[in-house]
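Peer 1: Here's a structure for you.
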Amino acid sequence: MRGEVRLKSYTAEPAAIASYAPLLAEDGRAFTLESVRPAGGSSPDMLIARVKGIATREAAEALNRVRLHAPRDRLSPPEAEDEFLAADLIGLAAESTAGAQLGTIVAVPNYGGGDLLEIAPPRGPSALLPFTKAFVPTVDLAGGRVVVDPPADLFDSVRDERA
């Protein structure tokens, strides 16, 4: 109501998203968050935000599913050796601990249980692998690769159970 929108923040401290103004949409539009507050419920990364220039319910609804991001130059570099920006992982080659080429990282989704690496092999459907030290012992940004220790059946095709 009143032009407020629900916003999922991917920053370590969810309310810090407002400090990265302006946020950019994929189509180049820029948005400034005037205020943010926690949304009701148990998800700490869900916020209610007031966006500068958005004053009506209709204008807020027009922002449904708009993905916003902070320009790279406004982000501080990762503090720890084992911290990475998700954008830096996309496009890296994924290889097994034995050196076999498995595919390319195409996304770093998080569905609530932690970060995952979506690895697209040269052929066939992509697979999701937990982004943990156990499954991803090495991230070599300079070398453009990650070393993964996947389960043996990670890239097995899903069988059509209707047959």
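Peer 1: I need the Debye-formula profile for the chain: one equal scatterer per C-alpha, no solvent, reported as log10 I(q)/I(0) at q = 0.13 1/Å, two decimals.
Peer 2: So the normalised log intensities work out to -0.77.
Peer 1: Follow-up. Please name which of 71, 32, 60 has its Cα lying farthest along the dipole of the chain towards the positive end, using unit charges on Cβ (Lys, Arg +1; Asp, Glu -1) and the Cα centre as origin.
Peer 2: Highest projection toward the positive end goes to 60.
Peer 1: Continuing with the same structure: Using only the Cα atoms of segment 86-148, build the gyration tensor, take square roots of its eigenvalues as a ≥ b ≥ c, and label the shape rounded, prolate or oblate: rounded if a/c is under 1.5, else prolate if a/b is larger than b/c, else oblate.
Peer 2: Since a/c stays below 1.5, the shape of segment 86-148 is classed as rounded.
Peer 1: Decide, for segment 4-74, between rounded, prolate and oblate: order the square roots of the alpha carbon gyration tensor eigenvalues as a ≥ b ≥ c, take rounded if a/c falls under 1.5, and otherwise choose prolate if a/b is larger than b/c, else oblate.
Peer 2: Cα axes put segment 4-74 in the oblate bin.
Peer 1: Shape call for segment 41-91 from the C-alpha gyration tensor, a ≥ b ≥ c root eigenvalues: rounded (a/c under 1.5), prolate (a/b greater than b/c) or oblate?
Peer 2: Prolate shape, in that a/c is at least 1.5 and a/b is the bigger ratio.
Peer 1: While we're here: Which one, 154, 144, 117, projects farthest toward the positive side of the charge dipole computed for the chain from Cβ point charges (K/R +1, D/E -1)?
Peer 2: Checked the options; the winner is 117.
Peer 1: I want to check the label-to-label distance for residue 120 and residue 62. Put each point 7 Å from Cα in the C-beta direction and report it in nm to one decimal.
Peer 2: Going by the 7 Å Cα→Cβ label model, 3.3 nm.
No lab work stands behind these numbers, since they all come straight from the coordinates. This structure is a prediction, so every number in the text was calculated from the model and none was measured. Please note: Cβ atoms are built from the backbone with ideal geometry, for glycine as well, and neighbour counts cover all protein chains shown.
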